[in-house]
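The values are calculated or read from the model by the stated rules, or taken from the named source; none is laboratory data. Just so it is clear, the model here is predicted, and its values are computed rather than measured. Cβ coordinates were reconstructed from backbone atoms using ideal geometry, including for glycine residues, and neighbour counts include every protein chain displayed. Protein only, heavy atoms only, side chains kept; ligands, DNA and RNA dropped before computing areas. Shrake-Rupley method; radii C 1.70, N 1.55, O 1.52, S 1.80 Å.
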Amino acid sequence: MVEPLPRVDAPTLSLEIDERTVAVPEGTTVLRAAELAGVSVPSLCAHKELSAFGGCRLCAVEIEGARGYPLACSTAAADGMKVATDTATLREMRIEILRLILSEHPCSCLLCGEADDCRRSLSTIRKAGVTTGCRSCPRDGDCELQAVVERLGVHDVTYPITYRGLEPEHDDPFYDRDYNLCILCGRCVRMCQEVRGASVLAFKFRGRRTVIGPAFGYSHVAAGCEFCGACVSVCPTGALADKVSKWDGAPDGVEPSTCPFCSLGCHVELAHVDGALSSVRAAHDAEVNDGQLCVRGRFCLPEATHHYSRARKPVLRKGAYDRVVQWDEALDAVAAGLAAAPADETLLVVSPDLPNEAIFAAQRFARVTLGGAGLDSTARSCLPGGPERWSRLFALPVSLSALAEAGTVVVAGLDTRFSFSVAGVQVRRALRRGATLLAVDARESNVARIADRWLRCDPGDEARALTAALAEVGDAARLSVVVGPRVFDCPGADELVDRLEELGRRPGVSVLPLAQGANARGALELGALGEVLPGPRLVSHDGPDLAALREGRAPRVLYLVGEAPLTTRPDSELVIVQGLYPPPFAVDVFLPAAAAVEADGTLTSVEGRVQELRAVERPRGDTVSFGPRPDWRIFSDLAARLEAADPSCADAAAVRAAIRAELPDFPAEGDHRPRRMTPLRPAGRSRETGGSTADHDDGAPAGRGRFVLVVERAGFRHRGFDLAAVVEGLGELHLEEGLALHPDDLARLGVEAGGEVTVVLDGTDLVLAARPDADGPRGAAFLWRDETWPGPWTPVRVTIRAGDRRRRALSATPAAGRSRAKRAGAVATAKGGDDGPRR
């Protein structure tokens, strides 16, 4: 088998393809060499990331001195080789092979002489349940098989036609499967096994009964599918299709952009139809994600943008009712409220998911326009330990591409099935190139399963265990360390950062510290925290903040920008919310903000790359009076009404120019080169609020009880709402719901899956739905919480009992306004407790 990824240090060889000379690394296939030479060889089963398969046989070539017709996809290039790819014999052979393929594929429209006229005159809505021809195929106009038929000029099939009559499959989230259109090219199987490492798909049965899918009749969910969409992307036909966009047809255009859902900054391509986002595809950028995405980046953006519950018009509360108003009226009301309140009684809370332009405009609005209003960001809880710790981490040699080329990889506290999946793909690429993998985790993650060595530590002890592991492998050449977000909430995180700094000074070492929040680094660099100015630079700040808000000391005016860190309305005179979706409590003014695909901007990745967001949505209706506006423009309009017009907010380019005026090293436009941050070195420690960690010298979790409760930060939040509430497929997975316990622990408690348990925590009873999790260790309970969680983030010992022991529960309201009680049991909190924790 030819290795699809030649070694980085492989020697170069030269060969001739159709009388064109090309130099390629040793181990490159003839097919790939032809692509590099600008020669197109037909193929339906080959892919640059995948091993040779030779299933379609269309890439047969003639090689001087070789017998027969070798396949270009499975033949390694050799020095001095002479290859012919387009001869009369090869053309005739390919036509016959293609006819055989079409004999088991619906092909009437592919071969019809009136196909073009049919396409032009077709006016009905595509709604066929079973595909019978290309005019009702979800990939019509965007199908590789269709393109090869047109290229080779096949007009008839001389073999008996067979229709398989398989029932289309619609039972799993995100994409549908119609294997009547499958040509058994094996791309999806090899992508799932070789690149993603999930090994969910396989060939089932044999001969004419061969189909593709999970073995033993499992669903994709039960088989461990990551729903990354890589199989859909490489499918050359319409056998696999996105549920949301399958009937949109071929896109009108594709624009390069950046995924707005996590800090890796994956490059994507936004396909749009009739001025609206249709689907998202992975871009082939070798420096970042190289054609791979996670479930959020691949499938969630269209639904998150177009969900029916999204608020697209300004809303003003008048008396006891909310009224839709025009922008002028809403902005006048906000400006009047801000002008009437002193600056030290006003608080702006900024989301770490906003673009750089919005973050900079928000902090400037608070500090300059409002004369020093309170400023804070939920980026604080995404960066546990405080801005100094993370400025040190961002000063390290952070590299995602170096991970794929590492000789030794250490991964701690990370399961890449649904979050940070691209990092998992890069780890597997390193393994395919001969790297050694060490996993440090209390849970059995998808990374631990493929590791050469799994160091299973106690729950919540990942930071100290990783520090010890780095002492063992610290001298390894080409070392790459990947640290999951929850590790920085564990005791010993400060010592871990010290150790990472020591390693970072050595050549050949790279670090990937992962944090929730798509633009958490941008929020730190551009001064979204009250004590941090753009730069970042520390400054004294004593105004209102999130800590005071959560303690019940609400400011007179609360302005939430793309965030909803509360479940109930605070005791403020004026509450303003600026975002995509309304919060779960009543507000005085709601200002609809533009989504990531509705306004140009930039995001800063964990590596320091400043990457572009592209607007592909075409405004519809009266957007001037009612439609969503970019966040920076809303601040500009408010500044004008407050007679403090800031020229830096005239347009997005002006905002970036203002950023450059304060930060000369900040890119004027998108710059995909990694950058290191200058560490903050304060004389004393800054305040740490919003879930920061504190190290424990004794190493034991605080509290009493049989179980160790590990709280993980919810990873599916975006701009203040829960993606699972608006993306149907993500909601079906129930990934961050309930209390995860080992099945043996559930059996001891006498609780069935989905049954209620009571967690006694510091005199507070939490009534939660329990779910079995065989990946976790016995004696540990894992709980995913969002910004509204008031409890501890560090591991703590708790008592867990079966059922609702308090016999009452206050139903928690989800941040996105959807009741989780209907799906996974009520998450209830009853404060006070008259008996306290019990052993």
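How many of the residues in the stretch 298-346 are among the aromatic types (Phe, Trp, Tyr) and free of Cβ contacts under 8 Å to residues at least 24 places away in the same chain?
Adding up the residues that qualify gives 2.
Residue pairs whose Cβ atoms lie under 7 Å apart, separated by 6 or more positions or on different chains, with the first residue in the stretch 62-74 and of a type in the set (A, V, I, L, M, F, W, C) and the second open to solvent by 90 Å² or more (accessible area, probe 1.4 Å) and outside any strand (DSSP E or B), are Leu71/Arg57.
Being in a strand (DSSP E or B) and open to solvent by 50 Å² or more (accessible area, probe 1.4 Å), is that true of even one residue in the stretch 431-453? Talk me through it step by step, then tell me what you get.
Step one: list which residues in the stretch 431-453 are in a strand (DSSP E or B), which gives 436-440, 453.
Now narrow it down to the ones that are open to solvent by 50 Å² or more (accessible area, probe 1.4 Å): 436, 453.
Checked the stretch 431-453: at least one residue is in a strand (DSSP E or B) and open to solvent by 50 Å² or more (accessible area, probe 1.4 Å).
Residues being in contact with a Cys (Cβ under 7 Å, 6 or more places away or on another chain), of a type in the set (Phe, Trp, Tyr) and farther than 24 Å from Asp722 by Cβ are represented in the stretch 628-645 by at least one member. Residues in the stretch 676-685 that are at pLDDT 80 or above and open to solvent by 50 Å² or more (accessible area, probe 1.4 Å): how many? The number of residues fulfilling the criteria is 2. Scanning the stretch 644-669 for residues that are part of a loop (DSSP other than H, G, I, E, B), open to solvent by less than 30 Å² (accessible area, probe 1.4 Å) and either in contact with a Leu (Cβ under 9 Å, 6 or more places away or on another chain) or hydroxyl-bearing (Ser, Thr, Tyr) (or both) yields Leu663, Phe666. Per the listing Leu735, Leu766, the residue uniquely assigned to a loop (DSSP other than H, G, I, E, B) and at pLDDT below 95 is Leu735.
Do any strands (runs of 3 or more DSSP E) entirely within the stretch 315-426 hold 1 or more residues that are crowded, with 24+ Cβ neighbours inside 10 Å, among the acidic types (Asp, Glu) and touching a helix residue (DSSP H, G or I) at 6+ places or on another chain (Cβ under 6 Å), and if so, which?
Details: elements: 315-318, 321-324, 346-350, 374-377, 408-412.
Filter on the stretch 315-426 gives 374-377.
Among the numbered conditions (1) crowded, with 22+ Cβ neighbours inside 10 Å; (2) within 23 Å of Ala286 (Cα to Cα), the only one that Arg94 does not meet is (2). Val61 falls short of the stated requirement of being among the β-branched types (Val, Ile, Thr), over 30 Å from Asn180 (Cα atoms) and either surrounded by 16 or more Cβ atoms within 10 Å (Cβ to Cβ) or within 36 Å of the chain's Cα centre (by Cα) (or both). For the stretch 623-643, filtered to residues that are assigned to a loop (DSSP other than H, G, I, E, B) and β-branched (Val, Ile, Thr), the residue that is nearest to Ala596 (Cα to Cα) is Thr623. Kindly evaluate Val288 against the criterion of being hydrophobic (A, V, I, L, M, F, W, C) and in a loop (DSSP other than H, G, I, E, B). Answer is yes for this residue.
Just to be sure, is Ser278 touching a strand residue (DSSP E or B) at 6+ places or on another chain (Cβ under 9 Å), modelled with pLDDT of 90 or more, within 27 Å of Gly484 (Cβ to Cβ) and not β-branched (Val, Ile, Thr)? Full working, then the answer.
Working: touching a strand residue (DSSP E or B) at 6+ places or on another chain (Cβ under 9 Å): yes; modelled with pLDDT of 90 or more: yes; within 27 Å of Gly484 (Cβ to Cβ): no; not β-branched (Val, Ile, Thr): yes.
Spelling it out, it is not the case that Ser278 is touching a strand residue (DSSP E or B) at 6+ places or on another chain (Cβ under 9 Å), modelled with pLDDT of 90 or more, within 27 Å of Gly484 (Cβ to Cβ) and not β-branched (Val, Ile, Thr).
Does any residue in the stretch 754-765 that is under 19 Å from Pro790 (Cβ atoms) come within less than 8 Å, Cβ to Cβ, of a residue that is buried (at least 20 other Cβ atoms within 10 Å of the Cβ) and of a type in the set (D, E, K, R) six or more places away or on a different chain, and which pairs are these? Pairs that qualify, where the first residue is under 19 Å from Pro790 (Cβ atoms) and the partner is buried (at least 20 other Cβ atoms within 10 Å of the Cβ) and of a type in the set (D, E, K, R), are Thr758/Asp765; Val759/Asp765. Take Arg499 and tell me if it is open to solvent by 10 Å² or more (accessible area, probe 1.4 Å), outside any loop (DSSP other than H, G, I, E, B) and free of Cβ contacts under 8 Å to residues at least 40 places away in the same chain. Yes, satisfied. Taking residues in the stretch 137-163 that are closer than 20 Å to Ala60 by Cβ, and partners anywhere that are open to solvent by 20 Å² or more (accessible area, probe 1.4 Å) and not in a helix (DSSP H, G or I), the pairs with Cβ atoms closer than 8 Å and at least 6 places apart or on different chains are Leu145/Ile183. Scanning the stretch 616-643 for residues that are crowded, with 21+ Cβ neighbours inside 10 Å and of a type in the set (Gly, Ala, Ser) gives Ser636, Ala639. Total residues in the stretch 573-589 satisfying the condition of being over 24 Å from the mean Cα position of the chain (by Cα) and open to solvent by less than 10 Å² (accessible area, probe 1.4 Å): the figure is 4.
Can you pull out every residue in the stretch 549-563 that is open to solvent by less than 40 Å² (accessible area, probe 1.4 Å) and touching a residue at least 24 places away in the same chain (Cβ under 8 Å)?
From the stretch 549-563, those open to solvent by less than 40 Å² (accessible area, probe 1.4 Å) are 549, 554-555, 557-563; that's our starting set.
Matches in the stretch 549-563: Leu549, Pro555, Val557, Leu558, Tyr559, Leu560, Val561, Gly562, Glu563.
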